1. What number of residues in region 142-155 are of a type in the set (F, W, Y) and more than 8 Å from the ligand (Cβ to nearest atom)?
2. Just one of (1) within 12 Å of the ligand (Cβ to nearest atom); (2) in contact with a Cys (Cβ under 6 Å, 6 or more places away or on another chain) trips up L214, so point out which.
3. Checking the conditions here, which among D177, D139, D133 is within 18 Å of I115 (Cβ to Cβ), modelled with pLDDT of 90 or more, surrounded by fewer than 15 Cβ atoms within 10 Å (Cβ to Cβ) and more than 9 Å from the ligand (Cβ to nearest atom)?
4. Does T125 count as part of a loop (DSSP other than H, G, I, E, B) and among the polar types (S, T, N, Q)?
5. I'd like the full set of residues that are in a loop (DSSP other than H, G, I, E, B), within 19 Å of L217 (Cβ to Cβ) and either among the basic types (K, R) or more than 10 Å from the ligand (Cβ to nearest atom) (or both), limited to region 156-174.
6. Please report, ordered by residue number, the strands (runs of 3 or more DSSP E) entirely within region 212-284 with at least 3 residues that are touching a Gly at 6+ places or on another chain (Cβ under 9 Å) and without any contact (Cβ under 8 Å) to a residue 12 or more places away in the chain.
7. Scan region 85-94 and give yes if some residue there is at pLDDT below 95 and on the phi > 0 side of the Ramachandran plot, otherwise no.
8. Got a sec? Which of L132, L96, L106 is under 27 Å from G171 (Cβ atoms) and in the same structural domain as Y186 (by TED's automatic domain parsing)?
Amino acid sequence: MMNVKEKYLELLKKSLLNEIYVENELRIFCLAEKKLLKKWSLIFGGIDFEKLHHIGKYFPEDLDTFKKNRFEGGLLTPGSRHLVYADTMIGRKRLLNIEHCLSVILEEKILGDVIECGVWKGGATIFMKAYLDTYESTDRVVWLADSFEGVPESTLAQDKYSDLSRKAYPGLAIPKDDVVKNFEKYDVSLDHVQFLEGWFKDTLPDAPIDKLALLRLDGDLYESTMDALQSLYHKLSPGGFIIIDDYKALPQCEEAVQEFRLQNTITEPIQKIDSEAVFWRKKF
Ligand SMILES: C[S@@+](CC[C@H](N)C(=O)[O-])C[C@H]1O[C@@H](n2cnc3c(N)ncnc32)[C@H](O)[C@@H]1O
């Protein structure tokens, strides 16, 4: 049986992932894709409210895909420009991985703060902060590093096939105020939450961070991944965790990680979280 703390964190996961209302995301998707227009709607206009209200009955396979994606993380449909409408796009397996890492960090008293580089709406960091507060680990800072204006334009050869910039994906640009409001929306305290606003290459090298127990990278590009690794990996405490969200989703991310591991003789085994994300634990 779950105790009250576990129940709170489970309900928070469900809310951040929008699992409870996942049908609404299918409704938005179907409306945007004009799948709910009545027959003859071009002549008479109008939404088919029977389908809108009972969306799961009419689009059961799409609903299953939505649920599966929510479990695995990532975009709604491959190749689609629809982003998820939850407060995190990382999926349940990756939230469970954060929970696992934090539980070991607290249990084994691994020193340092926690950071996510690439926060989008802030969902993963809201969960980190809520977890730390729930288990009364209130002295660690939760750092949120982001441009808050989306992914930079690709300038490096390694990123040339990935235009994830604001022009192509405006939905990846979430202002800092919206992230603050999201913390408030979930009643998660902003005490000991610090924002590093700007491009990683400008904010991370001199960030006033002493030690990290958890380093989570979710910046999509080779450049973003490499900038974060070069500025922060040496601050990760022995026994601390590094999580790479995009490792198998975006080849340029894997390339940056492999190059950095080779250059720094990092041999800790890479462990799979789901079909895209990986992590490893820095040796003692
Ligand atoms: C895929 S989203 C992150 C998803 C998020 N972790 C979640 O829980 O849903 C990528 C984020 O990285 C940020 N980003 C990517 N590269 C960046 C860079 N070089 N500097 C600053 N922010 C960057 C974007 O603004 C965007 O918010």
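The values are calculated or read from the model by the stated rules, or taken from the named source; none is laboratory data. Everything numeric here is computed off the predicted structure, so don't read it as measured data. For neighbour counting, all protein chains shown are included, and Cβ atoms are generated from backbone atoms with ideal geometry for every residue, glycine included. Calculation scope for accessible area: heavy atoms of the full protein, side chains included, ligands and nucleic acids excluded. Shrake-Rupley method; radii C 1.70, N 1.55, O 1.52, S 1.80 Å.
1. Step one: filter region 142-155 for residues of a type in the set (F, W, Y), giving 143, 148.
Narrowing further to those that are more than 8 Å from the ligand (Cβ to nearest atom): 143.
Looking only at that region, the number is 1.
2. That leaves (1) as the condition not met.
3. Details: D177 fails: within 18 Å of I115 (Cβ to Cβ); D133 fails: surrounded by fewer than 15 Cβ atoms within 10 Å (Cβ to Cβ).
Answer to the check: D139.
4. Values: part of a loop (DSSP other than H, G, I, E, B): no; among the polar types (S, T, N, Q): yes.
The answer is no for T125.
5. L156, S162 - these are the residues of region 156-174 that are in a loop (DSSP other than H, G, I, E, B), within 19 Å of L217 (Cβ to Cβ) and either among the basic types (K, R) or more than 10 Å from the ligand (Cβ to nearest atom) (or both).
6. On the way: elements: 212-217, 236-244, 278-281.
Result: empty, no element qualifies.
7. Taking every residue of region 85-94 in turn, at least one turns out to be at pLDDT below 95 and on the phi > 0 side of the Ramachandran plot.
8. Working: L132 fails: under 27 Å from G171 (Cβ atoms); L106 fails: under 27 Å from G171 (Cβ atoms).
Going through L132, L96, L106 in turn, just one is under 27 Å from G171 (Cβ atoms) and in the same structural domain as Y186 (by TED's automatic domain parsing): L96.
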